[in-house]
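For reference, the structure is listed below as structure tokens.
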Amino acid sequence: MPNVEKEPLSEIKEKSTLILEQEEQFATTLATQVINKPQLSLWMILIPIFFVFYFNNLSKYKNGCKKFAENYLIDKKRALNEAVEVVTKGREPDIHALSELSDINSQTRDKQANVLAVLIEHYRILLNSEGKDFPSLLRAAYGTQTNYLLFFNRLNQAEKEVNESLKLDMTESD
């Protein structure tokens, strides 16, 4: 069978799928760490009616984790889609338009634009790298663990600024 090269667009789509799967996996794991899972207790065994409450709480937990992950991924998906457009069409990212999609005040939206810019740059680097799975994309994109940690530092700083701005808004609205 001859070795047929893939079209660049299909490679970009494959890489974006790998990246999105990794982000979804991370969001799900984060949700399980943030949201408290109901615990099964001895009383539930001794008094079976408590099982009904347990399973109700377990259902709420699962729905809460799913909703948390979905909300966590909104900006990640927007940034990834923009990065795909940037790579495939060779244009500059429209970070302002992406930040306008957020339902927050303009001061926080400006800080959110910084987060989106860092994410788009990260995804663009990954999409332009060679690799068959997410770890190989990371290795090709960043080369060293230090470079990858520098990206996380920039993302962390940008997210902290958004969080501080949101806290300020919450205290002012009280």
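The values are calculated or read from the model by the stated rules, or taken from the named source; none is laboratory data. These numbers come from a predicted model, not from an experiment. Here the Cβ is made from the backbone with ideal geometry for all residues, glycine too, and neighbour counts use every protein chain on show. All accessible areas refer to the heavy atoms of the entire protein, side chains included, with ligands and DNA or RNA removed. Shrake-Rupley method; radii C 1.70, N 1.55, O 1.52, S 1.80 Å.
Please list, or write none, the lysines whose alpha carbon is within less than 28 Å of the alpha carbon of Lys167, excluding same-chain residues fewer than 8 places away. Excluding near neighbours in sequence, the set is Lys37, Lys60, Lys62, Lys66, Lys67, Lys76, Lys77, Lys111. For the chain, the solvent-accessible area with a 1.4 angstrom probe is 68 square angstrom per residue. With all protein chains in place and a 1.4 Å probe, the accessible surface of the chain carries 55 percent carbon and sulfur.
For a protection proxy built on the mean count of beta-carbon atoms within 10 angstrom, sort 31-38, 77-84, 142-149 highest first, please. Numbers along the way, then the final one.
Numbers: 31-38: 13.6, 77-84: 20.1, 142-149: 11.9.
Per-residue mean Cβ counts within 10 Å order the peptides as 77-84, 31-38, 142-149.
Based on alpha-carbon positions alone, could you give the equivalent ellipsoid semi-axes of the chain from the gyration tensor, as √(5λ), descending, whole Å?
So the three semi-axes of the chain are 36, 25, 15 Å.
Binning the alpha carbon pair distances of segment 27-87 at 10 angstrom intervals from zero yields the distribution 21, 31, 23, 13, 8, 3, 0, expressed in whole percent.
In a Debye calculation with equal point scatterers on the alpha-carbon sites of segment 64-129 and no solvent, what is log10 I(q)/I(0) at q = 0.19, 0.24, 0.25, 0.26 Å⁻¹? Ignoring solvent entirely, the Cα scatterers give -0.72, -1.00, -1.05, -1.09.
Taking every alpha-carbon pair in segment 120-166 and binning the separations at 10 Å intervals from zero gives 27, 45, 21, 7 percent. Counting only DSSP H runs of at least 4 residues, each contributing -39500 (n - 2.57), and dividing by the residue count of the chain, the helix-based mean residue ellipticity at 222 nm comes to -27500 deg cm²/dmol.
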